[in-house]
Amino acid sequence: MAGCRNNGTCGTSGCNKLNVFDWLSNMDLPAFQRFDIIEVRFKGGRKDFFRNQQALDLTTGDAVVVEASGGGYHIGYISLQGELVRLQMMKKKVKDNAEIKPVIRIATAKDLEKFADVQNREMPTLYRTREIIKDMKLDMKLSDVEFQADNTKATFYYSSDDRVDFRELIKVLASEFRIRVEMRQISLRHEASRLGGIGVCGRELCCSTWLTDFKSVSTTAARYQNLSLNPSKLSGQCGRLKCCLNYELETYLDALVDIPKVDKPLQTVRGEAHLQKTDIFKKIMWFSYDTESTWYPLPAERVKQIIDLNKQGVVVESLTQDKPDAASGDKVADPVVADQWVVDSVDEDAFAAKTRGSNKKKRKKRKPARPAAESDTTAATPKSENSTPVVAKNRPPRQSKPDLSANSEKKPPIAQEEQPQKPRLPHHRKPNHKNRRPPFNKDGGKDKKE
């Protein structure tokens, strides 16, 4: 391709302003069936249509000399040609008639050199014109100046809130610069599109790269998307609301159908619950009480139920689910139970099994103290003369109860004589704590026996 040969990836904002991808460029049509109108781009992204009457072999990106509307000629760059131009004219409602100006020729090197010299006059003219406007005390903001390629006409772009009488200004400018003057008023959005810049998203402004139709943007779009109504965050470089607020508005409107509208606080026994935050796509709403700072997430369906109950004069127990009371018929909330089950008609057996298991743990009996010492063979109690010796037999170690759950594995029982029990001392004999090993010496030496 001609031009900067970056194929649409130019990062200098010079050749990718309001560019169009020609997705019909690979179609080979006969020369007599080709559409003879082309689209030409000028400074600031301004585009216009011209007729190729001479059947010139043109390529997208070529510089061409075209006839200007007010007389003379101008130089622009081809942005679109072929059948896409026909579709573009239908979109912009431009008629194919004799009013379309012709293409004179392909721009030569001499034409481009002269055009570069004319463009060098734009910035000094802009600064000088601003000084004149300030001296004349006109309520207008001059944003850009565009000279025609033949150096006979200049277009001054300005923005103003009110109507400005610039008849005296035109006379002063025409006499000082020796050119024909055209004053064109533009909006603040068009001004930002001509100047360009980088948005808060880190990319070039949409109005200067691809956006051509400026639709009205209101603060209602920000309210639907739960955005804070902060002018510094919602305003773009033009000083107006950002155009990107309209991009996802329809998606939010579709999701807000299932979200209830909360006009007043929810009435509960604990107090009034105020809406703090809404997650539109997850359909979760957060409420909080006046007496505490905790936020309680509730689904949108539950909020609808509470709103309907409040309209009927029913004050719910809490923000959780409610169940009807059998005695009074009123609706009360489920209490928060630590380690119990709620009895239902379906889970009566499971509840009974759970209750029996808990009662067994509570009624655990205390084992009585053994009266005599136990040994491997036999042992007698020397408490009194009439007492008879009590023989202690070896008892097998207790086996743990097998876990009958589905996920547990059955373990084999432990052998009885694997670890014999040690004999216990009688109650009247206490162990001598003095014979224990002294604690570890902190000085780093080994422990010594006393």
Given backbone amide H placed at 1.01 Å from N, residues whose amide H is under 5 Å from that of ILE104, ignoring those fewer than 5 places away on the same chain, are VAL65, VAL66, GLU67
Quick calc, the stretch 222-315, dipole around Cα centre from Cβ unit charges on Lys, Arg (+) and Asp, Glu (-), nearest 20 debye, gives 220 debye
Rounded to the angstrom and largest first, Cα extents along the principal axes for the stretch 194-305 equal 60, 27, 21
Cα-Cα longer than 19 Å, checked against LYS114/LYS153; LYS43/LYS153; LYS215/LYS261, kept in input order, equals LYS215/LYS261
For 171-179, 200-208, ranked highest to lowest by mean beta-carbon neighbours within 10 Å, the order is 200-208, 171-179
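Just so you know, all these numbers are worked out from the coordinates, no wet-lab data involved. Because the structure is predicted, anything quoted here is derived from the model rather than measured. Positions of Cβ are backbone-derived with ideal geometry, glycine not excepted, and every protein chain shown enters the neighbour counts.
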